Structures are given as C-alpha cells and as structure tokens.
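The values are calculated or read from the model by the stated rules, or taken from the named source; none is laboratory data. All values reported here derive from a predicted model rather than from experimental measurement. Note that each Cβ is placed from the backbone with ideal geometry, even for glycine, and that neighbours are counted across all protein chains shown.
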Amino acid sequence: MVVKFAVLGVQFHDARLVASMKVNARSHILTLNVDDFTLYTPEGIVAVAPG
C-alpha cells in the first residue's frame with residue numbers, strides 16, 4: 001500500500017491498517033477520519049463514521 005499509493009509520513013499508519021484489512025478480507029473501517037481513507041476506495045475499503 002505504501003508504494004502503490006505513494007504514502008508519506010503519518011499516512012503510513014493508515015496504509016498499514018488497510019494492508020492488514022486486505023490480508024484479513026475486511027472491507028469496512030470505523031473511523032473519525034473518513035477522509036484519510038478515501039485514497040483506498042479503489043482497493044474496496046469503505047470508511048464509516050460513527051453515529
């Protein structure tokens with residue numbers, strides 16, 4: 001994910017979560033920062049805000 005999406009800095013942590021989600025066949029993540037995960041939409045990742 002880091003190389004594919006040219007991730008730099010603190011965005012590395014989001015990329016690590018997405019990679020783990022892909023390995024474990026998960027598509028949804030509950031987060032307060034939905035915008036941080038829009039980059040990974042082509043990978044089938046859906047960010048959901050609580051509430």
Which of the residues that make up the stretch 36-45 are part of a helix (DSSP H, G or I) and touching a residue at least 12 places away in the same chain (Cβ under 8 Å)?
ASP36, PHE37, LEU39, TYR40, GLU43
Quick one: what pairs do we get from the stretch 1-12, first residue farther than 10 Å from LEU39 by Cβ, second surrounded by 10 or more Cβ atoms within 10 Å (Cβ to Cβ) and modelled with pLDDT of 85 or more, C-beta under 6 Å, 6+ apart or different chains?
VAL2/ALA15
Which of (1) touching a Leu at 6+ places or on another chain (Cβ under 8 Å); (2) surrounded by fewer than 12 Cβ atoms within 10 Å (Cβ to Cβ); (3) of a type outside the set (D, E, K, R) is the odd one out, the single condition LEU30 does not satisfy?
(1)
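Quick grid of which residues meet (1) touching a strand residue (DSSP E or B) at 6+ places or on another chain (Cβ under 6 Å); (2) modelled with pLDDT of 95 or more; (3) in a helix (DSSP H, G or I); (4) surrounded by 13 or more Cβ atoms within 10 Å (Cβ to Cβ):
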residue: VAL7; (1), (2), (3), (4): no, no, no, yes
residue: ALA15; (1), (2), (3), (4): no, no, yes, yes
residue: SER20; (1), (2), (3), (4): no, yes, yes, no
residue: ALA47; (1), (2), (3), (4): yes, yes, no, yes
residue: GLY51; (1), (2), (3), (4): no, no, no, no
Of the conditions (1) without any contact (Cβ under 8 Å) to a residue 12 or more places away in the chain; (2) touching a Gly at 6+ places or on another chain (Cβ under 8 Å), SER27 fails just one. Which one is it?
(1)
